[in-house]
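These notes are about the structure you will find just below.
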Amino acid sequence: MAVRIKSITFDCADPYRLAQFWLQLTGFSEDPDNGNAPDDPEAVLLSPDGSLALLFIAVPEPKHVKNRVHLDLVPLTSRRDEEVDQLLRIGARMVDDQRRPDGGGWVVLSDPEGNEFCIERSDAERAPLVEQLGRAFDAVAGLISNIRADQWSAPTPCTDWTVRQLVNHLIGMNRVFAALLADQPPPPRPAADHVEDDPVGAYRDSAAALQAAFGRPGVLERTYRGPLGTATGAERLQIRLYDLLAHGWDLAQATEQPADLPDDLAEQSLAFARTQLTEQARPGRFGPAQIVAEQAPAIERLVAFLGRPVNTGR
């Protein structure tokens with residue numbers, strides 16, 4: 001047995017008013033041959049292809065309890081948080097905020113008559129985290145590949161490290177995270193003057209190994225304990241991501257390359273870092289947040305938040 005959903009019906013006090021709210025939310029439109037009017041006992045909105053209708057019918061009973069059925073909605077042209085802000089401005093009410101520090105989760109809103117619905121992340125936001133990490137790895141690999149022979153001993157914005165030491169750090173942290181996810185002890189830390197035989201190849205190999213480790217089933221959902229506390233695999237990935245992007249920027253500055261790092265990932269990493277990095281957690285890890293223009297590229301706002309001075313005149 002199979003059926004087609006013809007319409008979704010809302011019992012309500014004011015069909016016209018409620019239809020106007022859902023018209024703005026969904027992009028559905030009124031029937032061109034039979035438009036809605038303020039005093040009508042019902043109102044109809046049609047999907048762009050006409051295959052689904054939202055029907056609003058006036059009833060005398062008010063809503064008393066939580067919906068047993070609700071709609072889960074995905075933004076088409078904006079991000080989840082932008083959609084939530086817009087809906088609150090046009091009359092939606094916040095019911096429950098289930099957004100998580102790792103960027104996941106959803107928001108439960110209600111329409112002007114109290115019908116609950118959820119706003120989830122857009123398809124772009126839901127792109128697998130492991131793929132996002134891979135994009136960042138590739139961007140930083142491009143920077144490392146373009147380091148000239150005379151630049152490996154150059155200083156970096158990480159004042160204790162040269163370019164070579166910074167690349168060694170990136171390689172080492174990839175290996176540390178991979179060991180953590182495999183329930184293995186961290187590999188021994190190399191001496192400060194350690195030199196990889198093939199730093200570019202070692203970086204790519206360690207990045208591929210870590211990406212594969214994060215991609216194993218259940219890793220992102222599992223909780224891991226480490227020196228800095230307890231976090232899920234998804235949160236560990238986000239931590240690795242903002243550290244990787246920030247050090248990518250360090251390399252770009254030190255080697256006079258354009259900081260061509262994914263802007264959307266830098267924006268996402270900044271939002272995550274702000275939820276994780278309190279002033280109490282900065283000493284020994286990060287300097288005080290630096291001032292940067294609000295309209296600056298996301299990567300510059302990220303590194304400024306992590307304590308790097310940003311030369312806006314560059």
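The values are calculated or read from the model by the stated rules, or taken from the named source; none is laboratory data. This one's a predicted model, so the numbers in the text were calculated from it and none came from an experiment. Heads up, the Cβs are rebuilt from the backbone with ideal geometry, glycines too, and the neighbour counts pull from every protein chain shown. Note: areas computed on protein heavy atoms with side chains; ligands, DNA, RNA excluded. Shrake-Rupley method; radii C 1.70, N 1.55, O 1.52, S 1.80 Å.
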- request: Check Leu129, Leu210, Leu220 and return the single one that is in contact with a Gly (Cβ under 6 Å, 6 or more places away or on another chain) and within 30 Å of Asp81 (Cα to Cα).
  value: Leu220
message: I need a count of the residues in the stretch 78-91 that are part of a loop (DSSP other than H, G, I, E, B) and either over 16 Å from Glu125 (Cβ atoms) or in contact with a Gly (Cβ under 9 Å, 6 or more places away or on another chain) (or both).
response: 2
- request: Would you mind stating whether Phe21 is surrounded by 12 or more Cβ atoms within 10 Å (Cβ to Cβ) and not in a helix (DSSP H, G or I)?
  value: no
Asp243 being surrounded by 20 or more Cβ atoms within 10 Å (Cβ to Cβ), under 23 Å from Leu143 (Cα atoms) and not aliphatic (A, V, I, L, M): no
message: Can you report the number of residues in the stretch 34-64 which are surrounded by fewer than 15 Cβ atoms within 10 Å (Cβ to Cβ), more than 18 Å from Gly114 (Cα to Cα) and not charged (D, E, K, R)?
response: 9
query: Quick check: anything in the stretch 98-118 within 30 Å of the chain's Cα centre (by Cα), of a type in the set (Lys, Arg) and not in a strand (DSSP E or B)?
result: yes
- prompt: Under the condition of being in a loop (DSSP other than H, G, I, E, B) and open to solvent by 70 Å² or more (accessible area, probe 1.4 Å), which residue from the stretch 1-18 is farthest from Glu116 (Cα to Cα)?
  reply: Met1
query: Name the pairs whose Cβ atoms lie under 7 Å apart, with the first residue in the stretch 138-159 and at pLDDT below 95, the second part of a loop (DSSP other than H, G, I, E, B) and among the charged types (D, E, K, R), and 6 or more positions between them or separate chains?
result: Pro157/Arg308
- prompt: Quick one: Val74 ticks every box in (1) touching a residue at least 24 places away in the same chain (Cβ under 8 Å); (2) of a type in the set (A, V, I, L, M); (3) over 30 Å from Leu241 (Cα atoms) bar one, so which box is it?
  reply: (3)
statement: The residue that is most open to solvent (accessible area, probe 1.4 Å), considering only those in the stretch 65-89 that are within 18 Å of Trp22 (Cβ to Cβ) and hydrophobic (A, V, I, L, M, F, W, C), is Leu76
- line: So, first residue closer than 12 Å to Val44 by Cβ in the stretch 1-19, second residue assigned to a loop (DSSP other than H, G, I, E, B) and open to solvent by 100 Å² or more (accessible area, probe 1.4 Å), Cβ within less than 8 Å, six or more apart or across chains; the pairs are Tyr16/Asp39
task: Of the numbered conditions (1) in contact with a Ser or Thr (Cβ under 9 Å, 6 or more places away or on another chain); (2) within 22 Å of Asp97 (Cβ to Cβ); (3) modelled with pLDDT of 90 or more, Gly27 fails exactly one; give the number of that condition.
output: (2)
query: Can you tell which of Gln257, Gln253, Gln238 is part of a helix (DSSP H, G or I) and open to solvent by 10 Å² or more (accessible area, probe 1.4 Å)?
result: Gln253
task: Find the residue count for the stretch 94-107, including only residues that are touching a residue at least 24 places away in the same chain (Cβ under 8 Å), open to solvent by 20 Å² or more (accessible area, probe 1.4 Å) and closer than 13 Å to Glu83 by Cβ.
output: 1
